[in-house]
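The values are calculated or read from the model by the stated rules, or taken from the named source; none is laboratory data. These numbers were taken from a predicted model, which means no experiment stands behind them. Note that each Cβ is placed from the backbone with ideal geometry, even for glycine, and that neighbours are counted across all protein chains shown.
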Amino acid sequence: MKPRVLVTRHVYPAAVAILQEDCIADYRDTYDVMDEAALVKRLRLAKGVVCQLTDPLTAAVIEQCPELRVISQVAVGHDNIDVAAATARKIVVTNTPGVLTEATADLTFALLLAAARRLPTAERFLRDGKWQRWDVDLLCGHDVHERTLGIVGFGRIGQAVARRARGFSMRVLYSSRTPAAPEVEQELGAQRVPLDLLLKQSDYVSLHVPLREETRHMIGVEQLCQMKRSAFLINTSRGPVVDENALVAALEEGLIAGAGLDVFEHEPRVHPGLLEHPGVVLLPHVGSAVTSVRSLMCALAARDCAAVLRGERPQHPVNPEVLG
Ligand code: NAP
Ligand code: GLV
(Lines give C-alpha, C1' and ligand atoms only; values in the text may rest on other atoms or scores of the structure.)
(Ligands and ions follow the chains in the order given, each with its own letter.)
Protein backbone atom coordinates (compact mmCIF):
# COMPACT_ATOMS: atom_id res chain seq x y z
CA MET A 1 0.00 0.00 0.00
CA LYS A 2 1.15 3.53 -0.76
CA PRO A 3 2.42 5.44 2.31
CA ARG A 4 0.30 8.30 3.63
CA VAL A 5 1.81 11.82 3.63
CA LEU A 6 0.24 14.82 5.32
CA VAL A 7 0.69 18.17 3.57
CA THR A 8 -0.12 20.49 6.46
CA ARG A 9 -1.07 23.66 4.55
CA HIS A 10 -1.54 25.16 1.08
CA VAL A 11 1.41 24.55 -1.26
CA TYR A 12 2.06 25.05 -4.97
CA PRO A 13 0.16 22.23 -6.76
CA ALA A 14 3.21 20.60 -8.38
CA ALA A 15 4.29 19.44 -4.93
CA VAL A 16 1.06 17.48 -4.43
CA ALA A 17 1.40 15.91 -7.87
CA ILE A 18 4.96 14.79 -7.03
CA LEU A 19 3.75 13.15 -3.82
CA GLN A 20 0.81 11.44 -5.52
CA GLU A 21 3.16 9.46 -7.77
CA ASP A 22 4.25 7.28 -4.82
CA CYS A 23 2.09 8.26 -1.86
CA ILE A 24 -1.42 8.99 -0.70
CA ALA A 25 -1.34 12.75 -0.16
CA ASP A 26 -3.55 13.95 2.68
CA TYR A 27 -3.57 17.54 1.44
CA ARG A 28 -4.96 20.28 3.71
CA ASP A 29 -5.48 22.93 1.05
CA THR A 30 -5.91 25.73 3.56
CA TYR A 31 -3.87 28.54 5.11
CA ASP A 32 -5.02 27.62 8.63
CA VAL A 33 -2.31 26.52 11.02
CA MET A 34 -2.89 23.44 13.19
CA ASP A 35 -1.90 23.50 16.85
CA GLU A 36 -0.08 20.51 18.35
CA ALA A 37 -3.25 18.59 19.22
CA ALA A 38 -4.78 19.01 15.74
CA LEU A 39 -1.48 18.12 14.11
CA VAL A 40 -1.15 14.89 16.11
CA LYS A 41 -4.72 13.91 15.24
CA ARG A 42 -4.08 14.32 11.51
CA LEU A 43 -0.50 13.01 11.50
CA ARG A 44 -0.91 9.95 13.71
CA LEU A 45 -1.16 7.44 10.84
CA ALA A 46 1.09 9.22 8.33
CA LYS A 47 4.55 8.06 7.32
CA GLY A 48 5.57 11.48 6.07
CA VAL A 49 4.75 15.13 6.46
CA VAL A 50 5.42 18.13 4.20
CA CYS A 51 5.31 21.00 6.67
CA GLN A 52 5.97 24.72 6.95
CA LEU A 53 7.73 26.96 9.46
CA THR A 54 4.36 27.69 11.10
CA ASP A 55 3.86 24.02 12.09
CA PRO A 56 4.86 22.90 15.61
CA LEU A 57 6.74 19.63 14.99
CA THR A 58 7.67 19.41 18.66
CA ALA A 59 9.02 16.43 20.61
CA ALA A 60 5.50 15.85 21.98
CA VAL A 61 4.01 15.73 18.47
CA ILE A 62 6.76 13.47 17.15
CA GLU A 63 6.35 11.11 20.11
CA GLN A 64 2.65 10.66 19.35
CA CYS A 65 3.17 9.82 15.66
CA PRO A 66 4.63 6.30 15.72
CA GLU A 67 4.45 5.74 11.93
CA LEU A 68 6.39 8.88 11.01
CA ARG A 69 9.55 8.33 8.93
CA VAL A 70 10.17 11.71 7.29
CA ILE A 71 9.52 15.39 8.04
CA SER A 72 10.07 17.62 4.99
CA GLN A 73 10.12 21.32 5.70
CA VAL A 74 9.23 23.88 2.99
CA ALA A 75 11.92 26.32 4.23
CA VAL A 76 15.62 26.31 4.99
CA GLY A 77 15.17 27.29 8.66
CA HIS A 78 13.76 24.39 10.68
CA ASP A 79 13.59 25.74 14.24
CA ASN A 80 9.91 24.68 14.45
CA ILE A 81 11.03 21.04 14.27
CA ASP A 82 12.59 19.23 17.20
CA VAL A 83 15.34 17.64 15.12
CA ALA A 84 16.88 15.89 18.15
CA ALA A 85 13.57 14.18 18.92
CA ALA A 86 13.21 13.18 15.26
CA THR A 87 16.77 11.86 15.12
CA ALA A 88 16.23 9.82 18.30
CA ARG A 89 13.32 8.13 16.49
CA LYS A 90 15.37 7.75 13.25
CA ILE A 91 12.97 10.08 11.44
CA VAL A 92 14.64 11.89 8.53
CA VAL A 93 14.24 15.69 8.51
CA THR A 94 14.74 17.56 5.23
CA ASN A 95 14.71 21.26 4.30
CA THR A 96 15.04 23.46 1.19
CA PRO A 97 18.38 25.31 1.20
CA GLY A 98 19.92 27.01 -1.82
CA VAL A 99 16.89 27.67 -4.02
CA LEU A 100 15.92 30.66 -1.86
CA THR A 101 19.39 32.08 -1.19
CA GLU A 102 19.47 34.78 -3.87
CA ALA A 103 15.85 35.87 -3.36
CA THR A 104 16.40 36.23 0.38
CA ALA A 105 19.63 38.17 -0.17
CA ASP A 106 17.78 40.48 -2.59
CA LEU A 107 15.10 41.10 0.02
CA THR A 108 17.73 41.72 2.70
CA PHE A 109 19.33 44.38 0.56
CA ALA A 110 15.94 45.90 -0.27
CA LEU A 111 15.22 46.13 3.45
CA LEU A 112 18.61 47.70 4.16
CA LEU A 113 18.12 50.31 1.43
CA ALA A 114 14.52 50.98 2.46
CA ALA A 115 15.54 51.57 6.09
CA ALA A 116 18.59 53.69 5.24
CA ARG A 117 16.73 55.90 2.76
CA ARG A 118 13.40 55.95 4.63
CA LEU A 119 11.49 54.65 1.62
CA PRO A 120 8.23 53.64 3.39
CA THR A 121 8.07 57.03 5.18
CA ALA A 122 8.70 58.86 1.92
CA GLU A 123 6.07 56.86 0.06
CA ARG A 124 3.50 57.37 2.81
CA PHE A 125 4.27 61.12 2.75
CA LEU A 126 3.53 61.25 -0.98
CA ARG A 127 0.39 59.07 -0.83
CA ASP A 128 -0.94 61.15 2.08
CA GLY A 129 -0.83 64.22 -0.18
CA LYS A 130 1.80 65.95 1.94
CA TRP A 131 4.29 66.56 -0.88
CA GLN A 132 4.23 70.29 -1.67
CA ARG A 133 7.67 70.94 -3.19
CA TRP A 134 11.34 69.87 -3.24
CA ASP A 135 13.08 70.92 0.00
CA VAL A 136 16.78 70.66 0.67
CA ASP A 137 16.30 68.60 3.84
CA LEU A 138 13.14 66.71 2.90
CA LEU A 139 13.22 63.06 4.01
CA CYS A 140 17.00 62.80 4.12
CA GLY A 141 18.40 59.41 5.07
CA HIS A 142 21.73 57.63 5.39
CA ASP A 143 24.37 56.67 2.84
CA VAL A 144 24.76 53.01 1.96
CA HIS A 145 27.62 53.04 -0.55
CA GLU A 146 31.12 52.90 0.94
CA ARG A 147 29.67 52.25 4.43
CA THR A 148 30.52 49.23 6.56
CA LEU A 149 28.25 46.19 6.49
CA GLY A 150 28.58 43.64 9.30
CA ILE A 151 27.21 40.19 8.44
CA VAL A 152 26.47 37.85 11.34
CA GLY A 153 26.38 34.25 10.09
CA PHE A 154 28.35 33.87 6.89
CA GLY A 155 26.59 30.94 5.23
CA ARG A 156 24.71 30.83 1.92
CA ILE A 157 22.54 33.93 2.47
CA GLY A 158 25.16 35.90 4.41
CA GLN A 159 27.64 35.44 1.57
CA ALA A 160 25.03 36.32 -1.07
CA VAL A 161 24.38 39.57 0.81
CA ALA A 162 28.13 40.26 0.87
CA ARG A 163 28.21 39.79 -2.92
CA ARG A 164 25.56 42.50 -3.29
CA ALA A 165 27.46 44.80 -0.92
CA ARG A 166 30.45 44.71 -3.28
CA GLY A 167 28.33 46.49 -5.89
CA PHE A 168 27.79 49.29 -3.37
CA SER A 169 31.53 49.52 -2.63
CA MET A 170 30.85 48.64 1.00
CA ARG A 171 33.43 47.42 3.46
CA VAL A 172 32.27 43.96 4.54
CA LEU A 173 32.96 42.46 7.97
CA TYR A 174 31.58 39.13 9.06
CA SER A 175 31.35 37.10 12.19
CA SER A 176 30.90 33.34 12.26
CA ARG A 177 31.98 30.33 14.27
CA THR A 178 33.82 28.87 11.30
CA PRO A 179 35.98 31.02 8.99
CA ALA A 180 35.04 31.10 5.32
CA ALA A 181 37.60 29.73 2.86
CA PRO A 182 40.31 32.30 2.05
CA GLU A 183 39.24 32.39 -1.61
CA VAL A 184 35.64 33.22 -0.55
CA GLU A 185 36.90 36.00 1.74
CA GLN A 186 39.00 37.33 -1.10
CA GLU A 187 36.27 37.13 -3.73
CA LEU A 188 33.77 38.90 -1.45
CA GLY A 189 36.30 41.29 0.07
CA ALA A 190 35.10 40.16 3.49
CA GLN A 191 37.06 40.23 6.75
CA ARG A 192 36.23 37.95 9.70
CA VAL A 193 36.13 39.78 13.04
CA PRO A 194 34.76 39.00 16.51
CA LEU A 195 31.10 39.96 16.99
CA ASP A 196 31.82 42.87 19.36
CA LEU A 197 34.20 44.48 16.86
CA LEU A 198 31.67 43.97 14.06
CA LEU A 199 28.97 45.66 16.15
CA LYS A 200 31.22 48.61 16.99
CA GLN A 201 32.40 49.22 13.43
CA SER A 202 29.36 48.52 11.26
CA ASP A 203 26.90 51.03 9.85
CA TYR A 204 24.56 48.15 8.99
CA VAL A 205 24.43 44.88 10.91
CA SER A 206 22.64 42.09 9.03
CA LEU A 207 21.70 38.81 10.73
CA HIS A 208 21.90 35.47 8.90
CA VAL A 209 22.32 32.82 11.60
CA PRO A 210 19.85 29.97 12.07
CA LEU A 211 17.74 30.03 15.24
CA ARG A 212 19.26 27.61 17.75
CA GLU A 213 19.54 27.75 21.53
CA GLU A 214 22.94 29.48 21.18
CA THR A 215 21.65 32.13 18.77
CA ARG A 216 18.42 32.96 20.67
CA HIS A 217 18.70 36.62 21.81
CA MET A 218 22.20 36.76 20.33
CA ILE A 219 21.46 40.47 19.83
CA GLY A 220 20.33 41.91 23.16
CA VAL A 221 20.94 44.98 25.32
CA GLU A 222 24.71 44.47 25.51
CA GLN A 223 25.10 44.05 21.74
CA LEU A 224 22.79 46.94 20.85
CA CYS A 225 24.78 49.20 23.21
CA GLN A 226 27.93 48.35 21.23
CA MET A 227 26.43 49.51 17.94
CA LYS A 228 26.91 53.02 16.54
CA ARG A 229 24.11 55.49 17.23
CA SER A 230 23.86 55.96 13.45
CA ALA A 231 23.68 52.21 12.73
CA PHE A 232 20.82 50.03 11.47
CA LEU A 233 19.98 46.45 12.44
CA ILE A 234 18.66 44.29 9.60
CA ASN A 235 17.09 40.93 10.42
CA THR A 236 15.94 38.42 7.80
CA SER A 237 16.99 35.35 9.82
CA ARG A 238 14.58 34.52 12.66
CA GLY A 239 12.86 36.90 15.09
CA PRO A 240 14.07 35.35 18.37
CA VAL A 241 17.72 35.92 17.35
CA VAL A 242 16.99 39.48 18.54
CA ASP A 243 15.68 40.36 22.00
CA GLU A 244 12.77 42.46 20.72
CA ASN A 245 12.16 44.29 24.02
CA ALA A 246 15.81 45.33 24.05
CA LEU A 247 15.57 46.44 20.42
CA VAL A 248 12.52 48.60 21.10
CA ALA A 249 14.27 50.19 24.10
CA ALA A 250 17.42 50.83 22.02
CA LEU A 251 15.35 52.49 19.28
CA GLU A 252 13.42 54.61 21.76
CA GLU A 253 16.62 55.73 23.49
CA GLY A 254 18.32 56.48 20.18
CA LEU A 255 21.07 53.91 20.78
CA ILE A 256 20.72 52.90 17.11
CA ALA A 257 19.20 54.80 14.19
CA GLY A 258 16.77 52.22 12.92
CA ALA A 259 16.03 48.68 11.82
CA GLY A 260 14.77 46.64 8.90
CA LEU A 261 12.90 43.54 10.04
CA ASP A 262 11.36 40.70 8.05
CA VAL A 263 11.02 38.37 11.05
CA PHE A 264 9.70 38.81 14.59
CA GLU A 265 9.99 37.18 17.96
CA HIS A 266 6.29 36.25 18.17
CA GLU A 267 5.18 36.18 14.50
CA PRO A 268 2.70 37.21 13.25
CA ARG A 269 2.41 39.50 16.29
CA VAL A 270 4.64 42.55 16.03
CA HIS A 271 5.81 44.47 19.09
CA PRO A 272 3.79 47.73 19.34
CA GLY A 273 7.04 49.62 19.95
CA LEU A 274 8.23 48.53 16.51
CA LEU A 275 4.94 49.38 14.83
CA GLU A 276 5.13 52.89 16.26
CA HIS A 277 8.76 53.67 15.51
CA PRO A 278 9.33 55.72 12.33
CA GLY A 279 12.89 54.47 11.89
CA VAL A 280 11.85 50.85 11.44
CA VAL A 281 10.85 49.11 8.21
CA LEU A 282 8.66 46.07 8.81
CA LEU A 283 7.89 43.21 6.42
CA PRO A 284 5.71 40.10 6.98
CA HIS A 285 8.37 37.37 6.61
CA VAL A 286 8.67 37.58 2.82
CA GLY A 287 12.40 36.87 2.44
CA SER A 288 11.94 34.12 -0.14
CA ALA A 289 8.56 35.29 -1.43
CA VAL A 290 9.08 34.99 -5.17
CA THR A 291 6.61 32.68 -6.93
CA SER A 292 9.25 30.66 -8.78
CA VAL A 293 11.30 30.25 -5.60
CA ARG A 294 8.39 29.21 -3.40
CA SER A 295 7.26 26.79 -6.06
CA LEU A 296 10.73 25.21 -6.16
CA MET A 297 10.77 25.00 -2.35
CA CYS A 298 7.45 23.12 -2.32
CA ALA A 299 8.60 20.73 -5.05
CA LEU A 300 11.94 20.10 -3.34
CA ALA A 301 10.27 19.25 -0.03
CA ALA A 302 7.78 16.91 -1.75
CA ARG A 303 10.53 15.19 -3.76
CA ASP A 304 12.67 14.62 -0.67
CA CYS A 305 9.70 13.31 1.31
CA ALA A 306 8.82 10.83 -1.45
CA ALA A 307 12.48 9.84 -1.85
CA VAL A 308 12.81 8.86 1.82
CA LEU A 309 9.61 6.84 1.65
CA ARG A 310 10.95 5.00 -1.42
CA GLY A 311 14.03 4.15 0.63
CA GLU A 312 16.25 6.57 -1.30
CA ARG A 313 18.60 9.27 -0.04
CA PRO A 314 16.95 12.73 0.01
CA GLN A 315 18.74 15.72 -1.52
CA HIS A 316 18.72 17.87 1.64
CA PRO A 317 18.75 15.87 4.87
CA VAL A 318 19.11 17.99 8.02
CA ASN A 319 20.04 14.94 10.13
CA PRO A 320 22.03 12.76 7.67
CA GLU A 321 23.20 10.58 10.56
CA VAL A 322 19.86 8.73 10.54
CA LEU A 323 20.45 7.66 6.92
CA GLY A 324 23.41 5.49 7.91
P1 NAP B 1 23.40 28.56 6.28
O2 NAP B 1 24.00 28.48 4.93
O3 NAP B 1 23.40 27.34 7.14
O4 NAP B 1 24.10 29.77 7.05
C5 NAP B 1 23.99 29.99 8.41
C6 NAP B 1 25.35 30.39 8.91
O7 NAP B 1 25.28 30.77 10.28
C8 NAP B 1 26.38 29.27 8.81
O9 NAP B 1 27.48 29.74 8.08
C10 NAP B 1 26.76 28.98 10.26
O11 NAP B 1 28.13 28.65 10.27
C12 NAP B 1 26.48 30.31 10.91
N13 NAP B 1 26.25 30.20 12.35
C14 NAP B 1 25.55 29.27 13.03
N15 NAP B 1 25.57 29.54 14.35
C16 NAP B 1 26.31 30.67 14.49
C17 NAP B 1 26.70 31.45 15.60
N18 NAP B 1 26.35 31.10 16.84
N19 NAP B 1 27.45 32.55 15.38
C20 NAP B 1 27.82 32.91 14.12
N21 NAP B 1 27.48 32.19 13.02
C22 NAP B 1 26.73 31.09 13.22
O23 NAP B 1 21.88 29.02 6.19
P24 NAP B 1 21.23 30.03 5.13
O25 NAP B 1 20.68 29.26 4.00
O26 NAP B 1 22.17 31.13 4.89
O27 NAP B 1 19.99 30.54 6.00
C28 NAP B 1 20.19 31.23 7.21
C29 NAP B 1 18.90 31.44 7.95
O30 NAP B 1 18.11 32.43 7.30
C31 NAP B 1 17.96 30.22 8.00
O32 NAP B 1 18.31 29.35 9.05
C33 NAP B 1 16.60 30.85 8.20
O34 NAP B 1 16.29 30.91 9.57
C35 NAP B 1 16.75 32.25 7.64
N36 NAP B 1 15.95 32.48 6.42
C37 NAP B 1 14.97 33.41 6.46
C38 NAP B 1 14.25 33.68 5.32
C39 NAP B 1 13.16 34.72 5.32
O40 NAP B 1 12.17 34.53 4.64
N41 NAP B 1 13.30 35.80 6.05
C42 NAP B 1 14.51 33.00 4.13
C43 NAP B 1 15.51 32.07 4.13
C44 NAP B 1 16.25 31.81 5.29
P45 NAP B 1 28.77 27.78 11.44
O46 NAP B 1 27.78 26.71 11.80
O47 NAP B 1 30.03 27.27 10.86
O48 NAP B 1 29.00 28.75 12.53
C1 GLV C 1 12.22 31.05 5.58
O2 GLV C 1 12.13 31.76 6.52
C3 GLV C 1 13.11 29.95 5.49
O4 GLV C 1 13.76 29.62 6.49
O5 GLV C 1 13.19 29.35 4.41
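At least 3 residues that are over 21 Å from the mean Cα position of the chain (by Cα) in each: list the strands (runs of 3 or more DSSP E) lying fully within region 150-232 that qualify. Let's see the steps before the verdict.
On the way: elements: 171-175, 190-192, 204-207.
The strands (runs of 3 or more DSSP E) meeting that bar are 190-192.
Leu119: within 16 Å of ligand 1 (Cβ to nearest atom) and either within 23 Å of the chain's Cα centre (by Cα) or surrounded by 16 or more Cβ atoms within 10 Å (Cβ to Cβ) (or both), yes or no?
Details: within 16 Å of ligand 1 (Cβ to nearest atom): no; either within 23 Å of the chain's Cα centre (by Cα) or surrounded by 16 or more Cβ atoms within 10 Å (Cβ to Cβ) (or both): yes.
In short, no.
Tell me yes or no: at least one residue of region 63-75 is under 21 Å from Asn235 (Cα atoms) and either touching a Pro at 6+ places or on another chain (Cβ under 9 Å) or modelled with pLDDT of 95 or more (or both). Full working, then the answer.
Of the residues in region 63-75, the ones under 21 Å from Asn235 (Cα atoms) are 74-75.
Now narrow it down to the ones that are either touching a Pro at 6+ places or on another chain (Cβ under 9 Å) or modelled with pLDDT of 95 or more (or both): 74-75.
Within region 63-75, one or more residues are under 21 Å from Asn235 (Cα atoms) and either touching a Pro at 6+ places or on another chain (Cβ under 9 Å) or modelled with pLDDT of 95 or more (or both).
Let's see how each residue does on (1) away from ligand 1 (no atom under 16 Å from the Cβ); (2) touching a residue at least 40 places away in the same chain (Cβ under 8 Å); (3) buried (at least 19 other Cβ atoms within 10 Å of the Cβ):
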residue: Leu247; (1), (2), (3): yes, no, yes
residue: Leu251; (1), (2), (3): yes, no, yes
residue: Phe264; (1), (2), (3): no, no, yes
residue: Leu275; (1), (2), (3): yes, no, no
residue: Pro278; (1), (2), (3): yes, yes, no
residue: Val281; (1), (2), (3): no, yes, yes
residue: Val290; (1), (2), (3): no, yes, no
residue: Leu309; (1), (2), (3): yes, yes, yes
residue: Gly324; (1), (2), (3): yes, no, no
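So, Ser175, is that one in contact (Cβ under 8 Å) with a residue 24 or more places away in the chain and surrounded by fewer than 18 Cβ atoms within 10 Å (Cβ to Cβ) or not? Don't jump to the end; show me each part of the working.
On the way: in contact (Cβ under 8 Å) with a residue 24 or more places away in the chain: yes; surrounded by fewer than 18 Cβ atoms within 10 Å (Cβ to Cβ): no.
No.
Given (1) away from ligand 2 (no atom under 14 Å from the Cβ); (2) under 30 Å from His277 (Cα atoms); (3) aliphatic (A, V, I, L, M); (4) out of contact with any strand residue (DSSP E or B) (no Cβ under 8 Å at 6 or more places or on another chain), where does Val40 come up short, assuming only one miss?
All conditions are met except number (2).
Taking interchain pairs and intrachain pairs at least six residues apart, which have beta carbon atoms under 8 angstrom, with the first residue in region 188-204 and touching a residue at least 60 places away in the same chain (Cβ under 8 Å) and crowded, with 16+ Cβ neighbours inside 10 Å and the second assigned to a loop (DSSP other than H, G, I, E, B) and among the basic types (Lys, Arg)?
Asp203/Arg147; Asp203/Lys228; Tyr204/Arg147
Which residue out of Val50, Val33, Val11 is touching a Ser or Thr at 6+ places or on another chain (Cβ under 6 Å), among the aliphatic types (A, V, I, L, M) and part of a loop (DSSP other than H, G, I, E, B)?
On the way: Val50 fails: part of a loop (DSSP other than H, G, I, E, B); Val11 fails: touching a Ser or Thr at 6+ places or on another chain (Cβ under 6 Å).
Exactly one residue qualifies, and that residue is Val33.
So that you can scan it fast, the table gives a plain yes or no per residue for (1) among the small types (Gly, Ala, Ser); (2) more than 22 Å from Arg313 (Cβ to Cβ); (3) outside the structural domain of Gln315 (by TED's automatic domain parsing):
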site: Thr8; (1), (2), (3): no, yes, no
site: Leu19; (1), (2), (3): no, no, no
site: Ala25; (1), (2), (3): yes, no, no
site: Tyr31; (1), (2), (3): no, yes, no
site: Val70; (1), (2), (3): no, no, no
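Restrict the check to region 260-271 and report whether at least one residue is part of a loop (DSSP other than H, G, I, E, B), more than 16 Å from ligand 2 (Cβ to nearest atom), touching a Gly at 6+ places or on another chain (Cβ under 8 Å) and of a type in the set (A, V, I, L, M).
no
Of all residues in region 74-109, how many are more than 12 Å from ligand 1 (Cβ to nearest atom), hydrophobic (A, V, I, L, M, F, W, C) and either free of Cβ contacts under 8 Å to residues at least 24 places away in the same chain or part of a helix (DSSP H, G or I) (or both)?
Residues that pass the stated criteria total 6.
Would you pick out the residues in region 211-230 that are in contact (Cβ under 8 Å) with a residue 12 or more places away in the chain and either exposed (fewer than 15 other Cβ atoms within 10 Å of the Cβ) or of a type in the set (Val, Ile, Thr) (or both)? Spell out the reasoning first.
At the first step, the residues of region 211-230 found to be in contact (Cβ under 8 Å) with a residue 12 or more places away in the chain are 211-212, 215-221, 223-230.
Answer for region 211-230, where residues must be in contact (Cβ under 8 Å) with a residue 12 or more places away in the chain and either exposed (fewer than 15 other Cβ atoms within 10 Å of the Cβ) or of a type in the set (Val, Ile, Thr) (or both): Arg212, Thr215, Ile219, Val221, Cys225, Arg229, Ser230.
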